[in-house]
Structures are given as structure tokens and as C-alpha cells.
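Input: a single structure, listed below in C-alpha cells.
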Amino acid sequence: MTDPIPFTPLQPAQTPFTMLRCPNMYAIASGKGGVGKTWFSITLCHTLAKAGKRVLLFDGDLGLANVDIQLGLTPERDIAHVTEGQISLAEAVTRYEEGNFDILAGRSGSGNLATLPQQKLTDLRSALIELAKNYDYVFVDLGAGIDRAVRQMAGPAAATYVVLTDEPTSLTDAYAYIKLSRAANPSATLRVVVNMASTALEGEKTFATINKASEIFLQYQPELAGIVRRDTKVRDAIRAQTPLLVRSPLCEAASDVEIIAKKLLTST
Ligand SMILES: Nc1ncnc2c1ncn2[C@@H]1O[C@H](COP(=O)(O)OP(=O)(O)O)[C@@H](O)[C@H]1O
Ligand SMILES: [Mg+2]
């Protein structure tokens, strides 16, 4: 067995970024796109909001604006207004009334985290850490990619949920994300969410694969946050631009996310 991602850019930890900590911030990453990150972020936020928590979801996939599309919202203010200097981050918050949580929306075509000048990225992150004081939980849907800007945005998070599927490309990208995160910050906490698993057992096998590679090559074992089964209700809800917990609150995927949310609630 050889390391699937042998190249590691061994820059020292980027000090100003790794020193910042935000104990109620959680990032959602994956490397590969299309594995269910945005849907999972929304459903986790929704579940925690239903449990009475104050929750904010930041759409870090800035230029694809997926969060508001999946929720069927058309926010008047978004993160692009903030990076353009027109409004503050707090002013960009949109209430998702039905779900009882707040979002910070992206804007389609506005570029991504990696295209933001470094200072704007740093300012955005500092503003988010400040805003996090008003919430119990803040989640950052990082969008696809493993580049430094994406990882910098996740830097202050208490933990990062790495969403993956059993596809080799997803596993490789998720492993790369874990490897680069740990290289930049050796104390980073990574939690794996196996999504679109055909069964719980298959999901456990997928977790074992990434866990083993990580243990052998990184001497690190990520936690298993949970397994979410493949469920046609997820696709149906996204097509209808209606959150799963509104459309099919009792379906299998919803109950799988609920287990992950409960774990988080009992650990914090
Ligand atoms: N548990 C699941 N069961 C079935 N389909 C899923 C599940 N999770 C995600 N999907 C499908 O994957 C697609 C991509 O989801 P999305 O949240 O947009 O991914 P990402 O944000 O990682 O790009 C969705 O449109 C949905 O059809
Ligand atoms: Mg997405």
C-alpha cells in the first residue's frame, strides 16, 4: 500500500490562521464536489435548530450559492456584498424562517474562496468568528477543493466534518483534505461522514478504508461522525428546493443526520 497522496507541501503551520480558535464553529469539507456537503450542512443545521439551538450556516462555496438554492430562498444580501465592502457580515445574515436558522448566502458567479485576496479572506473569517458569539453553532459549508484558502476558512473550527462517499475519487480527495489539514495544523480534529451509503455496513467499510490509510500514513485516526444512507428522498427534496426536514422529515437520511446531530449536542 502506498500513500494515495504522496505530495505534502511542508510549509510550517500558517501561524495567524492556526492560532485562531472558534469553539462553536464547525466546517464541512469533502475535497470532491457532489458528495452531499451542502445538503448535509443544511440538514444538520435544521436538526440542531429544531433542537432549539441558535444556528448559522455560512455558504463558503461563495460563487455557487448552493445553500439558498437548496432552501428555495432569494436573499437580498449575500457574502459578495460583504467582500465588496458594502455591508458588514452581520448585515448579510438572512433568516430562514421555516427552519428557524440563519444563513450567510453566497452569490452565483462571484468567485470562490481561493480567488479572494488574502486580506479579504482574513477579514471575512475574523468577522465570522465575531458573529459566532451570537450563536450556539456556526457551520461553514466549504465547497469543493482542498486548496489553502478553503483550509484557512476551516482553520478556526473546533472540528471539520469531512463528507465522502465510497467512490475512489471521493475517498482520495477526502484523504488529501485530511492530510493537508493535519500538516497545517497537527491538532486539527477531523470527523468523517460517509454519505450515500447503500447500507450501514457498507458505510462502515468505507470508513475503515480511509481510517486505515490515515492511520498508516498520517498516524492519525479520524473520528466517524456517522453514516448517512442513500435515500431518494434527498434528491427529491433538492429538486423541489425544499429542505428534507420539511418535505420528508422521517426518512432514513433524515434520521441518520439526526444521530450525527445528537452526538454533537452531547459532546458540546
Ligand atoms: N444521502 C443521499 N442520498 C441520495 N442522494 C444524495 C444524498 N446526499 C446527496 N445526494 C445527492 O447528491 C447531490 C449533490 O449534493 P450536494 O449537497 O449539492 O453536494 P455538494 O455540496 O457536496 O456538491 C444532490 O443533488 C443529491 O441528489
Ligand atoms: Mg455544495
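Here are some notes:
- Of all the listed residues (207, 217), the sole one being touching a residue at least 60 places away in the same chain (Cβ under 8 Å), on the phi < 0 side of the Ramachandran plot and part of a helix (DSSP H, G or I) is 217.
- Scanning segment 27-38 turns up one or more residues that are at pLDDT 95 or above, within 14 Å of ligand 1 (Cβ to nearest atom), in contact with a strand residue (DSSP E or B) (Cβ under 6 Å, 6 or more places away or on another chain) and over 26 Å from residue 130 (Cβ atoms).
- Residue list for segment 138-154, restricted to those being buried (at least 24 other Cβ atoms within 10 Å of the Cβ) and away from ligand 1 (no atom under 16 Å from the Cβ): 138, 151
- Of all the listed residues (265, 245), the sole one being surrounded by fewer than 24 Cβ atoms within 10 Å (Cβ to Cβ), over 18 Å from residue 27 (Cα atoms), at pLDDT 95 or above and among the aliphatic types (A, V, I, L, M) is 245.
- Within segment 244-261, considering residues that are over 17 Å from the mean Cα position of the chain (by Cα) and not hydrophobic (A, V, I, L, M, F, W, C), the one nearest to ligand 1 (Cβ to nearest atom): 252
- Residue pairs meeting the criteria (Cβ under 7 Å; at least 6 apart or on separate chains; first touching a residue at least 40 places away in the same chain (Cβ under 8 Å) and part of a helix (DSSP H, G or I), in segment 138-164; second within 16 Å of ligand 2 (Cβ to nearest atom) and among the hydroxyl-bearing types (Ser, Thr, Tyr)): 154/160
- Test for residue 173: is it surrounded by fewer than 17 Cβ atoms within 10 Å (Cβ to Cβ) and within 16 Å of ligand 2 (Cβ to nearest atom): no
- Applying the criterion of being buried (at least 21 other Cβ atoms within 10 Å of the Cβ) and within 16 Å of ligand 2 (Cβ to nearest atom) to the residues of segment 50-64, the residue that is nearest to residue 246 (Cα to Cα) is 57.
- Among the residues making up segment 220-236, those that are in contact (Cβ under 8 Å) with a residue 12 or more places away in the chain and under 17 Å from residue 43 (Cβ atoms) are 225, 226, 227, 228, 229, 230, 231, 233, 234, 236.
- Of 164, 116, all but one fail to be more than 15 Å from the chain's Cα centre (by Cα) and crowded, with 16+ Cβ neighbours inside 10 Å; the exception is 116.
The values are calculated or read from the model by the stated rules, or taken from the named source; none is laboratory data. Keep in mind that this is a model prediction, so the values were computed, not measured. Cβ atoms come from the backbone with ideal geometry, glycine included; neighbour counts cover every protein chain shown.
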